[in-house]
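Below is one structure; the comments refer to it alone.
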Amino acid sequence: MEKETYISKHDIIEILKKDDFSDIVKQADYIRRENVGEEVHLRGICEFSNFCRKDCLYCGLRKSNKKIPRYRMSPEEILRTAVLIDKHGIKTIVLQSGEDIWFTKKILTKLIEDIKTHTDLAVTLSIGERSFDEYKVFKDAGADRYLLRFETSNENLFKKLHPDDDYHERLKCLQWFSDLGYQVGSGCMIGLPGQTIKDIADDILFIKKWNFHMVGAGPYISNDDTPLSGSKNGNFSIVQKFIALVRILCPKVLLPATTAMDILRSDAREIILQSGANVVMPNITPQKYKQNYRLYPDKPCIGEDPITCRYCMENRVKKIGRKIAQDHGHSLISIREK
Ligand code: SAH
Ligand code: SF4
């Protein structure tokens with residue numbers, strides 16, 4: 001059942017400001033059930049390198065941060081991790097890293113091909129901005145999906161936060177993914193320093209307009225190893241309302257309860273799964289590396305090995321009466337309307 005809902009910017013702002021928003025959450029949970037069912041999709045995230053050539057102001061992996069030890073998994077180690085999670089019933093690997101150009105076109109192409117040969121996994125790339133040619137070669141090698149957040153749809157704020165990036169380049173990349181036939185994931189941070197409620201409403205409308213296959217959005221978490229040290233974390237209620245509104249406006253979207261939410265409260269992901277979300281991303285990075293993939297501080301579950309993390313997520317999902325999907329969980333949105 002696909003039902004288009006229209007909510008004006010004015011109404012979105014009013015909802016984002018509301019203290020009592022249980023009706024919106026109920027509506028989102030209903031729309032989620034009707035459109036994408038009770039299943040929750042697991043996406044195993046492998047944070048394979050924390051080297052980054054960029055200096056995004058909010059992020060602990062930024063190149064100017066000398067306080068984290070840098071690591072890089074070898075392609076063999078990444079492949080072994082992929083084989084391991086495949087055996088444990090995870091159907092997607094998300095290969096995520098800083099913008100690390102040690103991983104050349106050639107190395108990544110071979111890695112994608114190897115994962116596709118040795119496992120039954122869907123492959124999502126989340127490695128930042130690259131050339132059209134690279135994106136094309138990775139797609140041809142078998143990559144299924146690409147995740148690149150627009151971070152904020154406020155062009156001025158984007159500029160302030162990204163000394164190395166151009167807003168229009170970012171949008172161009174998102175268009176390329178679509179043209180190349182990737183399932184496209186994008187999203188933003190909620191509660192960034194300098195971001196207003198109006199900006200957040202614009203982000204929701206931007207998501208609706210682009211009709212992404214997947215929307216990964218989570219709170220901004222203040223990181224003392226960055227120039228934004230001392231700023232406030234995103235607000236949990238606003239995050240919850242954001243997710244509910246995205247589900248209401250994009251009924252078939254794949255919508256994760258993202259890791260950063262757990263920083264705000266320990267039962268965050270359960271609440272978000274009951275507010276419209278239908279995806280969780282267990283961290284399957286080998287334990288020795290995990291603690292140094294420090295986008296923000298106090299990341300949850302860094303003491304856990306990949307398989308513990310996978311089954312912990314399954315238990316959390318089952319406790320709220322939902323079940324883990326057994327298929328690849330490809331997008332149900334086949335035709336992109338823009
Ligand atoms: N380098 C890649 C992938 C790694 S960063 C890229 O930038 O796309 C993955 C995501 O982490 C970013 O898109 C950003 O939204 C999020 N992130 C970084 N720092 C954060 C912080 N302090 N709080 C919350 N999310 C953060
Ligand atoms: Fe690098 Fe991504 Fe962090 Fe920016 S957000 S500094 S590109 S890891």
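Which whole-number percentage describes the relative contact order of the chain, with Cα contacts under 8 Å and a sequence gap of 6 or more? Walk me through the numbers before you get to the answer.
Numbers: 637 pairs, mean separation 84.9, N = 338.
25 percent.
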*Let me have the 222 nm mean residue ellipticity of the chain computed from DSSP H runs of 4+ only, each contributing -39500 (n - 2.57), with the sum over all residues rounded to the nearest 500.*
-12000 deg cm²/dmol
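Just to be sure I understand: of the beta bridges DSSP finds with both ends in segment 9-324, what percent are antiparallel, rounded to 5? Could the numbers behind the result be given before it?
Values: 1 of 29 bridges.
Antiparallel: roughly 5 percent of the beta bridges in segment 9-324.
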*Name the most mobile residue of Tyr311, Tyr182, Tyr220, meaning the one with the largest mean-square fluctuation, in a Gaussian network model of the chain with Cα contacts below 10 Å.*
Tyr311
*Given a 1.4 Å probe and every protein chain left where it sits, what share in percent of the accessible area of segment 9-324 is carbon and sulfur?*
51
*3J(HN,Hα) from dihedral phi, segment 178-188, Karplus parametrisation 6.51/-1.76/1.60, rounded to Hz, x for glycine, proline*: 5, 4, 7, x, 6, 7, 9, x, 8, x, 7
_Pairs beyond 27 Å (Cα-Cα), from Lys87/Lys139; Lys105/Lys209; Lys91/Lys252_ = Lys105/Lys209
*asked:* For a quick check: with amide H placed at 1.01 Å from N, whose amide H comes under 5 Å from Ile324's, ignoring anything fewer than 5 positions away on the same chain?
replied: Val40
*Rounded, prolate or oblate: pick one for the chain, where a ≥ b ≥ c are the square roots of the eigenvalues of its C-alpha gyration tensor, a/c under 1.5 means rounded, and failing that, prolate if a/b is larger than b/c, else oblate.*
rounded
*Tell me, what HN-Hα J-couplings in whole Hz come from the Karplus equation 6.51 cos²θ - 1.76 cosθ + 1.60 at θ = phi - 60° for each residue of segment 54-68, using x for Gly and Pro?*
10, 10, 3, 4, 8, 10, x, 8, 3, 4, 6, 7, 8, 8, 10
*Identify which of Phe150, Phe206, Phe242 has the largest mean-square fluctuation in a Gaussian network model of the chain, with springs joining Cα atoms closer than 10 Å.*
Phe206
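Restricting to Cα pairs below 8 Å that are 6+ residues apart, what does the relative contact order work out to for segment 44-113? Please round to a whole percent.
Working: 76 pairs, mean separation 33.7, N = 70.
Result for segment 44-113 is 48 percent.
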*Mind giving me the nanometre distance, one decimal, between the label points for His118 and Thr104, set 7 Å out from Cα along Cα→Cβ?*
2.1
*For Met189, tell me the accessible area in Å² from a 1.4 Å probe, rounded to the nearest 10.*
20
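Considering only protein heavy atoms, with the full assembly of protein chains and a 1.4 angstrom probe, order Val253, Val25 by accessible area, largest first. The partial results should precede the final answer.
Values: Val253 0, Val25 25 Å².
Ranked list, largest accessible area first: Val25, Val253.
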*Over the chain, give the accessible area per residue in Å² for a 1.4 Å probe, as an integer.*
41
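The values are calculated or read from the model by the stated rules, or taken from the named source; none is laboratory data. It should be emphasised that the depicted structure is a prediction, and the values quoted were computed from it without experimental measurement. Backbone-built Cβ (ideal geometry, glycine too); neighbour counts: all protein chains shown. The protein model used for the area step is the full one, side chains on, heavy atoms only, and it has no ligands, DNA or RNA in it. Shrake-Rupley method; radii C 1.70, N 1.55, O 1.52, S 1.80 Å.
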